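Working notes, structure below.
Please treat every number below as a calculation from the coordinates, not as lab data. Predicted, not measured: the structure shown is a model, and the values here were computed from it. Quick reminder, even Gly has a Cβ in these numbers, built from the backbone with ideal geometry, and neighbours come from all protein chains shown.
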Amino acid sequence: MTKTVIDLLDEKVIEFNSRIDDEPKFSKMIEGKNRTICISVTDEGNYFTKLDNMRIEDFISTENIEADLVVTANAKTFIGLISKEISPIKAYMSGDLKVKASLTDMLLLKKLF
């Protein structure tokens, strides 16, 4: 069965929150950070979450793409990025991946994925 972007995002939320629980060094880096994140899948829809109080909430479908971090790509690119079959740098340089965020927020996003 092929996983969808939302399936993979749900797995990343569990993985991220587990790292916060299990890795003190990681949780120290996340401490005090509160951000909104929108994953905009051009051929599927938009998914929104919040990092708040040392937790990332489950992604929800949304029409609103206003967030501190906005990442845009098609489903194939996102699935390739999450499964580490596509390099984020290569996707970004080719224009297949667009990121609207501060440098600090981009580093946070890297920790999510």
How large is the helix-only mean residue ellipticity at 222 nm for the chain, computed as the sum of -39500 (n - 2.57) over DSSP H runs with n ≥ 4, divided by its residue count, in deg cm²/dmol to the nearest 500?
-13000 deg cm²/dmol
Tell me, which longest segment in the chain has none of the GluC sites (Glu not before Pro) that fall in DSSP loops with at most 10 further Cβ atoms within 10 Å?
32-62
Using every pair of alpha-carbon atoms in region 1-49, split the distances into 5 Å bins beginning at 0 and state the percent of pairs per bin, rounded to integers.
5, 17, 21, 23, 16, 11, 6, 1
Cα extents of the chain along the three principal axes, largest first (Å)
35, 33, 28
Taking the number of other C-beta atoms within 10 Å as the exposure measure, put Ile82, Ile39, Ile14 in order starting with the fewest.
Ile14, Ile82, Ile39
Do any trypsin sites (Lys or Arg not before Pro) in region 1-55 lie in a loop, going by DSSP, with at most 15 other beta-carbon atoms within 10 Å of their beta carbon, and if so which?
Lys3, Lys33
Mind pulling the angle between the C-alpha long axis of helix 5-22 and the longest principal axis of the chain? Nearest 10 degrees, somewhere in 0 to 90.
20
